[in-house]
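One structure is given below, encoded as structure tokens.
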Amino acid sequence: MSKAITIAEAQRYDAHTINKVGIPALVLMERAALATFNNILNDDFDLSQVIVVAGVGNNGGDGIAVARLLKIRGIDVELYILGDLEKATPQTDQQLKIAQYYGIPVTNDLNHIVAASMIVDAIFGVGLSREVTGNFANAINAINAADAKKVAIDVPSGINADTGDVMGVAVVADSTTTMAYNKIGLLTASGKHHAGTVHVADIGIYAQDHLEHVR
Ligand SMILES: NC(=O)C1=CN([C@@H]2O[C@H](COP(=O)(O)OP(=O)(O)OC[C@H]3O[C@@H](n4cnc5c(N)ncnc54)[C@H](O)[C@@H]3O)[C@@H](O)[C@H]2O)[C@H](O)CC1
Ligand SMILES: [K+]
């Protein structure tokens, strides 16, 4: 899959897969999490103290599911949650309940981000819609200040996935697991610098014309 897509295409393909094909959003989220988890395990990361920094959109839900997969593997992992929990998507709300069942600790101490051995960035994906400020910017600065290796889910948080522009501040990742297709913004110089090695994960979302031969 060498094609790269825009934010609007990513959103349209997601909606088509969920609403027309009928694959539930939580199934797609689980596949996104499994793909990211496998890329983490296949890399040479120090997994002695992992932190997943997650927003309350579906990018955060992907990350919270990754935290659960790591925890079940016996890896020491904690969550740092950003944003208003009242505004969490239904999928992310469900992932938080599952994480709670497994007793995954939640911290609000930025020092835990700086001290982690490996960081998963799940703050924003293709839903980033404005400049990053306040607590979100503080968390991204803490991620960038850490010595740890960093893996971004879908898009490095703070990067505009259409242009590669930094929306105030953005995570500089060592690798990015991006869903379905690469994003055009990750092909720019700024996008490449922030995404690191890009892994494109097939999670069951395809361009509408991609599967005409099987229908
Ligand atoms: N659609 C699906 O089922 C799948 C999506 N996947 C992942 O989900 C994200 C896209 O999720 P979405 O909820 O649309 O958006 P985000 O999580 O990226 O962020 C939205 C969230 O953030 C808030 N927000 C936006 N900009 C800012 C800002 N500058 N400061 C503060 N807050 C901001 C916004 O209000 C929302 O609350 C996609 O990238 C994938 O990772 C799955 O992969 C599976 C299928
Ligand atoms: K992200």
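The values are calculated or read from the model by the stated rules, or taken from the named source; none is laboratory data. Here the structure is a predicted model, which means the values were calculated and not measured. Every residue, glycine among them, receives a Cβ derived from its backbone with ideal geometry; neighbour counts consider all protein chains shown. Surface areas here come from the heavy atoms of the whole protein model, side chains and all, with no ligands, DNA or RNA. Shrake-Rupley method; radii C 1.70, N 1.55, O 1.52, S 1.80 Å.
Given a cut-off of 22 Å, name the pairs among 3/87; 97/150; 20/192; 97/183; 3/150; 71/97 whose C-alpha atoms lie farther apart than that in the structure shown.
3/87; 97/150; 20/192; 97/183; 3/150
Give the aspartates and glutamates reachable from residue 149 as a straight Cα distance under 12 Å; neighbours fewer than 8 places away on the same chain don't count.
43, 44, 46, 121, 174
Could you please put 126, 198 in sequence from largest to smallest accessible area, using a 1.4 Å probe?
From most accessible down to least: 198, 126.
With 10 Å bins from zero, work out the P(r) of region 96-215 over every alpha carbon pair and list the percent per bin.
Reading the bins upward from 0: 14, 39, 31, 12, 3, 0.
Can you sort 199, 193 by solvent-accessible area, 1.4 Å probe, largest first?
Values: 199 60, 193 115 Å².
The ranking, largest first, comes out as 193, 199.
So, with +1 on the Cβ of K and R and -1 on the Cβ of D and E, and no other charges, what is the size of the charge dipole of the chain about its Cα centre, to the nearest 20 debye?
With Lys and Arg at +1 and Asp and Glu at -1, about 360 debye.
Along the charge dipole of region 45-208, Cβ charges K/R +1 and D/E -1, which of 175, 206, 155 sits furthest on the positive end?
Selected residue: 206.
Which one of 70, 129, 21 has its Cα pushed farthest toward the positive end of the charge dipole of the chain, where Lys and Arg give +1 and Asp and Glu give -1 at the Cβ?
21
With a 1.4 Å probe and all protein chains kept in place, how do 76, 147 rank by accessible area, largest first?
147, 76
Under a crude label model (7 Å from the Cα following the beta-carbon direction), how far is residue 129 from residue 107 in nanometres?
Between residue 129 and residue 107, the label points sit 3.2 nm apart.
Of 138, 5, 56, whose Cα points farthest to the positive end of the dipole of the chain (charges on the beta-carbon: +1 Lys, Arg; -1 Asp, Glu; origin at the Cα centre)?
Checked the options; the winner is 5.
By the scheme Lys and Arg +1, Asp and Glu -1, what is the net charge of all other residues having a beta-carbon under 15 Å from that of residue 136?
Surrounding charge for residue 136 is -1.
Out of all DSSP beta bridges in region 45-208, what portion is antiparallel? Express it as a percent rounded to 5. Please report the intermediate quantities before stating the final value.
Details: 1 of 25 bridges.
Taking every DSSP beta bridge within region 45-208, about 5 percent pair in antiparallel fashion.
What's the magnitude of the charge dipole for region 54-154 around its Cα centre, counting Lys and Arg as +1 and Asp and Glu as -1 at the beta-carbon? Answer in Debye, nearest 20.
Dipole of region 54-154, to the nearest 20 debye: 240 debye.
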